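One structure is given below, encoded as structure tokens.
All of the numbers you see were taken from the coordinates with simple rules; none came from a lab. Here the structure is a predicted model, which is why all the values come from computation and not from measurement. Note that each Cβ is placed from the backbone with ideal geometry, even for glycine, and that neighbours are counted across all protein chains shown.
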């Protein structure tokens, strides 16, 4: 076994290899506190025929035994990946993917398995570190290593790898990944933090990342395997030169067509003409030496390479983009609200050729999502689900359950909004937003943030601030860089960075950066953040024109929720034996009633009269006797010295024989019978809650009132 270690916040980060999973290409066990992750990396020895891309698959899996738990459900074993596992798989994949050399097209798989789960809140972080270390010591030609940390801010102070208890208090929560030289990925959110605070947190994280990178290099020096040679990508330079000459004039014109589909149609025609021109036996023999070789793929690769070069050079040299915009210009924005009659809140947000239809539904506590995770059971009362149907990009595909991309985009938009959602005490609703992307040409996740904000405001959700999002891009050639605001799908595909920022006028609520190159400098991030802030404020101003404040009334079809706070000792009276009382109220009124351990009651109904009836019944149950007040009670039991009279549900008092009548009586039954209704006055309550009643004083007051 080979082991290396460093200390982080008083705990040892240990990476070891040589004991577990020794038949994998690379295998490490990463430990931090009580959290242990096994990471393995394997690449096929042979390349599959016809592959011209890098087929990398990263999987993160949580074993429930890691937290001393048995899975729920009928089968009692782990099933399909949870949302957290999917998101963490993406989190591990994204900083590693740019660090493999071009030309390495062998199928490669990395698996990170959580074997022990402590309270350190670092299983995902250890997944990134472990996967990088496994790739780094393996024979896979990986140009890492890469490392990651979680950085949080508590009361203005930055901390590395905050634990589960600290996470609840964070004003900023980021996962930062990078190499020794640059940052590759940032993912996280904050409570409307400033750009300067975000940059400070990234710098703080990078200092720790460098230490972990050095640790992985130490492990490779001690236990690394020789790397496989990578054959350079072979290009048919003669064919590429002729294809470029053939398409040059038409391609330069087509690339500036502003409409996405019109531009793509023109490009497809030019490519088709190039294939007809060069994919002939004569040209195959002339350009490749093999008359039978199909040159279609080589022609397409030469065409794509030239298209990328033209687009990037046009931006770098002229500051003009394919749709004619300047580098910091935002596409036209349109906001349409409240046009779906039966839903609780709706908005169609349009930015250029991207459309997000966001619909808000308000529910009760019964609609909360129960999540069973290694951290234990928890409930979500705010959910955002993102859908990307194939028609949004003019394609035909079978509809399937949400993929990694849909889950990731939904989680990003949800994180951007969770910091401005009102508390349950202020707005006791479960909130679900569905974003259906109807058209897509760049950053549908940020359009989802804008649409979701508008739909919640339309539904009457009292957000603390409206939130907007914008996607930034980067074109980098040598020392020359240009940051792009509000990128198109084409610019995302051909650019070097995807940099998403969401927030309010006060600050940033969500942040995500991914690179296709080996990282970006601090100055580039600073420029992108400043440009993003300007763009975000512009979008917010357009949204404000459509709706300045959340509606004061929720939709007529949404349930009305009323809250009551009762004493804890009264909870069992409202619930009743086996839930008999509360079920009776629900059956009688049709309202939904939820009561928690603190005595907070939520009463929900689309019918206001039904809700008020339920409130009235509960008030009757929890009401307490008042000294001096007259009640119409029912005789429950008769004893020799008096009668016990129920003056309210569950509340009885003693009516002593001396207090039954003005004249002396021999037996209680001479005047009263069990089940009889009788007016009584509360004349005394002692410290233990015992109540003394008087019928004769109640009769005196009744007579006095007549006169």
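Debye calculation, C-alpha points only, no solvent: report log10 I(q)/I(0) for the range 628-707 at q = 0.12, 0.19, 0.22, 0.27 Å⁻¹, in the same order as the q values.
-0.30, -0.75, -0.99, -1.39
Take the Cα pairs of the range 560-622, get the Kirkwood Rh, then feed it into Stokes-Einstein at 25 °C and 0.890 mPa s and tell me D in µm²/s.
Details: Rh = 11.3 Å.
Answer from the Stokes-Einstein relation: 216 µm²/s.
With 10 angstrom as the radius, rank 117, 379 by how many other C-beta atoms surround their C-beta, starting from the fewest. Let's see the in-between values first.
Details: 117 24, 379 10.
The fewest-first ordering by Cβ neighbours comes to 379, 117.
What's the whole-number percent of alpha carbon pairs in the range 191-300 lying beyond 16 angstrom?
74
Which angle from 0 to 90°, rounded to the nearest 10, does the C-alpha axis of helix 195-223 make with the longest principal axis of the chain?
Tilt relative to the chain: about 60 degrees.
Please work out the C-alpha center-to-center distance from the range 548-580 to the range 176-217 and express it in whole Å.
For the range 548-580 versus the range 176-217, the Cα centre distance is 44 Å.
Under 8 Å for C-alpha pairs, at least 6 residues apart: give me the relative contact order for the chain, rounded to a whole percent.
Dividing the mean separation by the residue count of the chain yields 9 percent.
Between the range 477-521 and the range 355-372, what is the C-alpha centre distance in whole Å?
Their Cα centres are 30 Å away from one another.
Looking at the P(r) of the range 661-707, how many percent of alpha-carbon pairs lie beyond 13 Å?
Tail fraction, whole percent: 67.
When the Cα centres of the range 245-284 and the range 1-35 are compared, how far apart do they sit, in Å?
52
Find the Cα radius of gyration of the range 125-277, compare it with 2.2 N^0.38 Å by division, and give the number to two decimals.
On the way: Rg = 23.6 Å, N = 153, 2.2 N^0.38 = 14.9 Å.
That ratio works out to 1.59.
State, as an integer percentage, the relative contact order of the range 456-563 based on alpha-carbon contacts under 8 Å between residues 6 or more apart.
Values: 153 pairs, mean separation 36.6, N = 108.
Relative CO of the range 456-563 lands at 34 percent.
Which of these values of Rg and Dmax of the Cα atoms in Å was calculated from the structure shown: (i) 32.4, 101; (ii) 34.2, 130; (iii) 33.8, 108?
Here the calculated entry is (ii).
By how many degrees, between 0 and 90 and to the nearest 10, does the Cα long axis of helix 260-278 differ from the longest principal axis of the chain?
Computed tilt is about 30 degrees.
Relative to the compact-globule scaling 2.2 N^0.38 Å, provide the ratio for the alpha-carbon radius of gyration of the range 482-532.
1.14
What FRET efficiency do you get for residue 705 and residue 565 if R0 is 30 Å and r is their Cβ-Cβ distance, rounded to the nearest 0.05?
Working: r = 35 Å, r/R0 = 1.17.
FRET efficiency, residue 705 to residue 565: 0.30.
Nearest 10 degrees, 0 to 90: what angle lies between the long axis of helix 123-137 and the longest principal axis of the chain (Cα atoms)?
Orientation of helix 123-137: about 20 degrees from the principal axis.
Going by average Cβ neighbours within 10 Å, how do the peptides 622-631, 416-425, 75-84 rank, with the highest at the top?
Going by the mean number of other Cβ atoms within 10 Å, highest first, we get 416-425, 622-631, 75-84.
In a Debye calculation with equal point scatterers on the alpha-carbon sites of the range 237-318 and no solvent, what is log10 I(q)/I(0) at q = 0.16, 0.21, 0.26 Å⁻¹?
-0.60, -0.92, -1.24
Please identify which residues in the range 204-236 have an amide N closer than 12 Å to a label point set 7 Å out from the Cα of residue 521, following the Cα→Cβ vector.
Answer for the range 204-236: none.
Taking the beta-carbon count within 10 Å as an exposure proxy, list 450, 515 from fewest neighbours to most.
Details: 450 31, 515 27.
Listing 450, 515 from fewest to most nearby Cβ atoms yields 515, 450.
Among 385, 261, rank each residue by its count of other Cβ atoms within 10 Å, from fewest to most, as a rough exposure measure.
Ascending Cβ contact count within 10 Å gives the list 261, 385.
With n ≥ 4 as the cut-off for DSSP H runs, can you work out [θ] at 222 nm for the chain, using -39500 (n - 2.57) per run divided by the number of residues, rounded to the nearest 500? The partial results should precede the final answer.
Numbers: 16 runs with 234 residues, N = 707.
Helices in the chain give a 222 nm mean residue ellipticity of -11000 deg cm²/dmol.
If you average over every viewing direction, what projected area does the convex hull of the Cα atoms of the range 2-223 give, in nm²?
Convex hull of Cα atoms, orientation-averaged projection: 13.6 nm².
Dividing the Cα convex hull volume of the range 333-546 by residue count, how many Å³ per residue is that? Let's see the in-between values first.
Working: hull volume 31.6 nm³, N = 214.
So the per-residue Cα hull volume is 148 Å³.
State the percent of C-alpha pairs, over all pairs in the range 140-188, separated by a distance greater than 18 angstrom. Please report the intermediate quantities before stating the final value.
Working: 444 of 1176 pairs.
Of all Cα-Cα distances in the range 140-188, 38 percent exceed 18 Å.
Report relative contact order for the range 206-342 in percent, whole number only (criteria: Cα-Cα under 8 Å, sequence separation at least 6).
In percent, rounded to a whole number, it is 23.
Assuming 1.306 mPa s and 10 °C, estimate D for the range 301-352 with Stokes-Einstein, Rh taken as the Kirkwood radius over Cα pairs, in µm²/s.
Reported coefficient: 113 µm²/s.
Sticking to Cα atoms, compute the Rg of the range 47-179 to one decimal and its Dmax as the biggest Cα-Cα distance, whole number, in Å.
That works out to 17.0, 56 Å for Rg and Dmax.
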